[in-house]
Amino acid sequence: MDNLPYTALIKFPDIIPEHCDEHIVRRLTSMRGQFADQPAYEQLLSNEDMLLYEVYAFIQPEVDGELDSGISIIHPGKVGQEYFMTKGHFHSILDTAEVYYCMKGKGVMVMETPEGDWNVKDLNPGMLLYVPPRWAHRSVNTSDSEDFVIFYVYPAHAGHDYGTIETQGFRKLIVDQGSGPQIVDNPRWLAPEDRK
Ligand code: PA5
Ligand code: NI
């Protein structure tokens with residue numbers, strides 16, 4: 001038997017695990033088309049392909065019964081008025097949930113169902129978030145200076161459907177129009193009735 005219990009040290013203040021199975025790094029280039037302000041995106045990119053977020057993942061076999069977990073670190077920053085965020089996704093197996101636990105910083109989780117219901121939850125250190133089955137999810141760092149660090153766990157067979165969000169976007173955006181984070185409508189969101 002090679003699937004044995006294991007531990008990993010995830011220690012304050014740095015939190016970065018001492019080991020993991022995969023370290024995923026996402027830069028501006030991997031978010032093309034996802035931020036509302038395209039000129040601001042191109043302008044930033046012309047300076048530097050900035051690091052937006054990282055994931056330290058503990059990966060199990062992709063079978064029912066197993067759990068994947070890890071740490072996501074979303075760095076602070078904005079593209080135009082929009083805060084740095086993850087790509088966001090539905091799970092390929094839609095009927096799978098996810099649990100998040102906020103360890104550091106502040107942010108929000110933007111969520112949405114295939115029918116267009118939406119929900120946004122604030123996350124501060126110590127808060128747990130339950131994302132029910134069927135809800136797409138995107139993490140957004142709403143701090144101007146600090147990393148937003150969250151622990152997650154979800155069924156290992158869930159899979160990630162990025163394409164749907166790349167095409168239709170999330171219904172709501174998290175922006176700073178001068179007074180801190182605000183939830184606004186995404187003008188480019190494709191409503192269910194407009195999808196093919
Ligand atoms: O499974 C999750 O929801 C997280 O582990 C995310 O994958 C992580 O936060 C990175 O976001 P994304 O996969 O949308 O790039
Ligand atoms: Ni997920």
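The values are calculated or read from the model by the stated rules, or taken from the named source; none is laboratory data. Only a predicted model underlies this, so the values are computations on that prediction, with no experimental measurement involved. Virtual Cβ from ideal backbone geometry, glycine too; neighbours counted across all protein chains shown.
Restrict the check to segment 124-132 and report whether at least one residue is farther than 22 Å from residue 70 by Cα, more than 15 Å from ligand 2 (Cβ to nearest atom) and not hydrophobic (A, V, I, L, M, F, W, C).
There is no residue in segment 124-132 that is farther than 22 Å from residue 70 by Cα, more than 15 Å from ligand 2 (Cβ to nearest atom) and not hydrophobic (A, V, I, L, M, F, W, C).
For residue 70, indicate whether it is touching a residue at least 60 places away in the same chain (Cβ under 8 Å) and either in a helix (DSSP H, G or I) or touching a helix residue (DSSP H, G or I) at 6+ places or on another chain (Cβ under 9 Å) (or both).
Taking the combined requirement at face value, the residue does not satisfy it.
Does segment 189-196 contain at least one residue that is in a strand (DSSP E or B) and either surrounded by 13 or more Cβ atoms within 10 Å (Cβ to Cβ) or without any contact (Cβ under 8 Å) to a residue 24 or more places away in the chain (or both)?
no
Of 66, 18, 62, 42, which residue is farther than 23 Å from residue 165 by Cα, at pLDDT 95 or above and more than 15 Å from the chain's Cα centre (by Cα)?
66
Which members of segment 62-92 meet the condition of being of a type in the set (S, T, N, Q) and surrounded by fewer than 17 Cβ atoms within 10 Å (Cβ to Cβ)?
Matches in segment 62-92: 92 only.
Cβ contacts < 9 Å: first residue under 11 Å from residue 128 (Cα atoms), restricted to segment 92-107; second residue at pLDDT below 95 and of a type in the set (Phe, Trp, Tyr), any location; separation 6+ or different chain. Result?
103/12
Give me the residue from segment 83-92 that is under 17 Å from residue 145 (Cβ atoms) and not in a loop (DSSP other than H, G, I, E, B) and, out of that set, nearest to ligand 2 (Cβ to nearest atom).
85
Can you confirm whether segment 34-44 contains a residue that is surrounded by 10 or more Cβ atoms within 10 Å (Cβ to Cβ) and among the acidic types (Asp, Glu)?
Checking segment 34-44: at least one residue is surrounded by 10 or more Cβ atoms within 10 Å (Cβ to Cβ) and among the acidic types (Asp, Glu).
Does residue 14 satisfy being more than 28 Å from residue 133 (Cβ to Cβ), of a type outside the set (A, V, I, L, M) and touching a Gly at 6+ places or on another chain (Cβ under 6 Å)?
It is false that residue 14 is more than 28 Å from residue 133 (Cβ to Cβ), of a type outside the set (A, V, I, L, M) and touching a Gly at 6+ places or on another chain (Cβ under 6 Å).
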